[in-house]
Amino acid sequence: GHSLRAPGASLSVSERGALFVLTLDGVERVPFSPIYGIDIALEPVQQIGSGFENPADFDATNGQELFVADGSRVLRFSDEGLLVQTLTIPAVDEVQVTTGPTALPGEAVAVAAGEEGRLYVAESTRGGVQGWREGGLADVIGGGGQPVSLASRGRTLFVADAADASIRVLDADGREVRRIRDDAMTDLSSISLAGDRLVALTSKSVVLFG
């Protein structure tokens with residue numbers, strides 16, 4: 001892969017070609033040009049969304065909405081930065097799927113918007129990925145590992161796993177079909193998709209996979 005220098009702990013590349021970076025102060029839109037083999041210093045140019053309690057990850061790939069995993073909730077912002085929805089994320093496992101009033105609060109550590117209004121949320125209790133539809137919890141995909149970031153394209157889900165610095169590729173049924181490993185992915189913290197390329201953020205660089 002080729003590396004770019006970037007600030008922040010989590011990133012997302014939108015379909016419109018903008019790069020967003022999550023910081024403790026909010027989400028910042030930054031200039032980005034994935035030129036192969038060239039390092040580009042990135043400077044924040046616009047802040048979108050703020051007031052987070054414990055932001056861990058976010059997704060802005062569809063270019064119209066922004067989802068932020070913030071403690072036991074996922075915040076949904078419009079493209080203009082207005083808060084339009086708050087989802088309370090429960091702690092669940094592969095067997096028990098419930099969002100009732102007695103459900104224990106979970107910790108959302110990663111989020112990704114999928115097709116047809118589907119939303120994926122990695123919850124830390126058992127390392128499972130929750131599938132949400134129309135504001136309700138629909139299913140839980142797998143478990144184990146230490147997911148730190150998600151990315152989605154069509155019915156394929158990419159799960160960045162910090163436990164072994166790998167990216168798991170899951171099919172529509174949640175089955176692992178591939179696992180991506182690279183020596184450059186030590187301290188893997190975030191992934192996103194930029195066109196046909198997978199973008200992985202580490203403590204030292206952004207790695208592009210084609």
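Readers should treat all values here as calculations from the given coordinates under stated rules, not as data from a laboratory. Please read these numbers as outputs of a predicted model, since none were measured by experiment. We place every Cβ from the backbone using ideal geometry, glycine too, and count neighbours over all the protein chains shown.
See the values below:
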{"read-out": "Segment S78-Q146, length gained on full extension (0.36 nm per residue, minus Cα span)", "value": "21.6 nm"}
{"read-out": "Net length gained if the chain between A184 and T156 were fully extended (0.36 nm per residue, minus Cα distance)", "value": "7.7 nm"}
{"read-out": "Charged-residue dipole, Cβ positions (Lys, Arg, Asp, Glu), the range 64-210 about Cα centre, Debye nearest 20", "value": "160 debye"}
{"read-out": "Calculated from backbone phi, Karplus (6.51, -1.76, 1.60) coupling profile of the range 136-145 in Hz, x at Gly/Pro", "value": "x, 6, 9, 7, 10, 9, x, x, x, x"}
{"read-out": "Cβ-Cβ FRET estimate between T86 and D25, R0 fixed at 22 Å, reported to 0.05", "value": "0.65"}
